[in-house]
């Protein structure tokens, strides 16, 4: 408490941005815990814009702010992004369902993107087998599945992996899709049919922009998820409306 109110967070972030620019970084990410509105506010002050909300990034009881208030839910993260250098136009392929929201995220960022929602002519057919990469963070009880190549078996493999991970005590599972891949829109819809929902966009994240889906093992207390900006609130309500567990409980 004795270090609060002295502008330390702002000074640190200003230094990090200056250091990144001096060393040729193209962009920066900022993750803010959803119960810590000051972190969100500081990111916004320095030109970051929200691109995703990651549900269950911290396991229940891991955040003292929540336990002190008697809240038992997981800790959620609001992911923000800031371009330091705007590159050449890039074409991305997004699901029709999320095109409006994704386009709005790109607009907030000032991103130079050409947003498509259909397969271009001459696109090769989907392969039989998907190529997946699994990363597990046991300490946080989370896992990320990166779809490196879309195959016809994607939906069944993701669902089988979900069951396996949840049986291991993993609470939050994220699935990342490459937006440069024309097959991503159809693949996203397939995985959503297995209980996953929209998280957001991670620009310049893994060989280009990524669309992240997510699934949390228990219903999320969305009213405990605090947001600082109007756009973050809009993104939260968008995710809430798509979350299959929330919709079942609030029919």
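The values are calculated or read from the model by the stated rules, or taken from the named source; none is laboratory data. Just so you know, these numbers come straight off a predicted model, no measurement behind them. With ideal geometry, Cβ positions are generated from the backbone for all residues, glycine too; neighbour counts draw on all protein chains shown.
Tabulated data for the structure shown
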read-out: Filter result (touching a strand residue (DSSP E or B) at 6+ places or on another chain (Cβ under 7 Å) and more than 15 Å from residue 172 (Cβ to Cβ)) within the range 198-215; value: 201, 202, 203, 204, 206, 207, 208, 209, 210, 211
read-out: Test result for residue 247, farther than 22 Å from residue 41 by Cα, without any contact (Cβ under 8 Å) to a residue 60 or more places away in the chain and touching a strand residue (DSSP E or B) at 6+ places or on another chain (Cβ under 6 Å); value: no
read-out: Selected residue (only one of 218, 227 is at pLDDT below 95 and within 16 Å of the chain's Cα centre (by Cα)); value: 227
read-out: When residues of the range 9-31 are limited to those that are touching a residue at least 40 places away in the same chain (Cβ under 8 Å), assigned to a helix (DSSP H, G or I) and in contact with a strand residue (DSSP E or B) (Cβ under 8 Å, 6 or more places away or on another chain), the one nearest to residue 87 (Cα to Cα); value: 20
read-out: Whichever residue in the range 35-51 is out of contact with any helix residue (DSSP H, G or I) (no Cβ under 8 Å at 6 or more places or on another chain) and over 16 Å from residue 16 (Cβ atoms) and, among such residues, is modelled with the lowest pLDDT; value: 37
read-out: Meets criteria (buried (at least 18 other Cβ atoms within 10 Å of the Cβ) and assigned by TED's automatic domain parsing to the domain that holds residue 124) for residue 211; value: yes
read-out: Unmet requirement for residue 65, which otherwise passes all of (1) modelled with pLDDT under 95; (2) touching a strand residue (DSSP E or B) at 6+ places or on another chain (Cβ under 7 Å); (3) in a helix (DSSP H, G or I); value: (2)
read-out: Segments classed as helices (runs of 4 or more DSSP H), wholly inside the range 82-197, with at least 3 members that are surrounded by fewer than 19 Cβ atoms within 10 Å (Cβ to Cβ) and out of contact with any helix residue (DSSP H, G or I) (no Cβ under 6 Å at 6 or more places or on another chain); value: 99-109, 154-167
